[in-house]
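The values are calculated or read from the model by the stated rules, or taken from the named source; none is laboratory data. This is a predicted model, so every value here is computed, not measured. Ideal geometry is used to build each Cβ from the backbone, glycine not excepted, and the neighbour counts take in all protein chains shown.
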Amino acid sequence: MYTQQLVFVAAALSTPLLSSANCMYGTSLFPRSEGAATVEVSKFGYTGLQGPLNWAALAAENSACATSKVQSPINIDSTVQLAAEVPKVVIADVEAAEFENLGTTVEVIVNGTTTFGGTEFSLKQFHFHTPSEHRVAEEYFPLEVHMVHEAADGSGAIAVIALTFQLSDDGTTTTELLTAVTENLAKIATPGTVTETGPLKFAEVINHVQTTPLFQYAGSLTTPPCAEGLTFLVTQKPLPLSVKTFNEIKSVVKFNSRYTQNSLNQNNLLAVGAAALAGAVAGEAAGNGTAAGNATEVAKPKPSGGAAVATSVKASATSKTAAGTYIPPHNHNLSLGTPN
Ligand SMILES: [Zn+2]
């Protein structure tokens, strides 16, 4: 399981984009600079050409984003098992913790230990996604927090405890940890800035993780380079979130949720989409309007930047125009080789 990850590490060490991987930021693979008053902001984003549909084109080491068959986040359906074991989570309360705005999320630097599956993992940081990245039985949540751990044995294995949050019925009940974190959130409204949180108490969150069911599956980073080999533990039951705290977090984090990936072990959705487009074009070229069901072309992003994907899409569009088979922009049924 970790062979692939080690290959990825070797490739990643030669790139300046390391700190853009905020789901692993702060681990030994993606170290932060000590004592810095600012942090480097991420190179990727969630909109347009910086967004998740084009991550593979931003850097060669991001290819898994468009090819891997075990990508996160997923819709957690009945095929995803509950963890058979309760993780042992130890996080000491702190008076303050470093709090960073990476541009793509805000992140709190804390230490702790989670023992799970016979492995001891060191907590490195936790960060926020609005709205949630995972969905449970199709439902999304307003907020998801990722507690990122790295195996203490140096193997490079990563485990993420994902906490989902739901707006509380009375609008004011909230999880105490979030209140303390967001106390100074306004001070890091600008990407690249750093401050400290208020005092953090972890008992409530630890209790939730250790007493309510957790979904467990093997997935990937939800941010570039989308590396496989992560163990995800996702809370089945959401924690409470006040409207005020949610709005405060959303106003700074904004939108940072990768789209729901294909079911585990199914083809990467970007590869499926590329093949469908290639098939449609091939069908037109054949002039018979039938499906080119054997299309084998998949997205092969080039390290030189976004031009590869953009050019490919443009070429398809041009060819469609030439063939006079315009597909309306809101055709939700863009199936293989049915040009109309
Ligand atoms: Zn994350």
* Across the range 105-132, what is the number of residues that are within 23 Å of GLY156 (Cα to Cα), touching a residue at least 12 places away in the same chain (Cβ under 8 Å) and part of a loop (DSSP other than H, G, I, E, B)? -> 5
* To do: Have a look at VAL86, VAL90 and point out the one that is farther than 16 Å from TYR217 by Cα and away from the ligand (no atom under 16 Å from the Cβ).
  => VAL90
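Tell me, please, whether a residue that is away from the ligand (no atom under 16 Å from the Cβ) and modelled with pLDDT of 95 or more can be found in the range 221-231. Before you say what the answer is, go through the steps one by one.
Taking the range 221-231 as the starting set, the residues that turn out to be away from the ligand (no atom under 16 Å from the Cβ) are none.
Within the range 221-231, not a single residue is away from the ligand (no atom under 16 Å from the Cβ) and modelled with pLDDT of 95 or more.
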* Asked: Looking only at residues in the range 117-163 that are closer than 23 Å to PHE202 by Cα and among the charged types (D, E, K, R), which one is farthest from the ligand (Cβ to nearest atom)?
  -> GLU120
* Asked: in contact (Cβ under 8 Å) with a residue 24 or more places away in the chain, buried (at least 19 other Cβ atoms within 10 Å of the Cβ) and among the aliphatic types (A, V, I, L, M), is that true of ALA227?
  -> yes
* Checking GLU61 against (1) away from the ligand (no atom under 14 Å from the Cβ); (2) in a loop (DSSP other than H, G, I, E, B), the condition it does not meet -> (2)
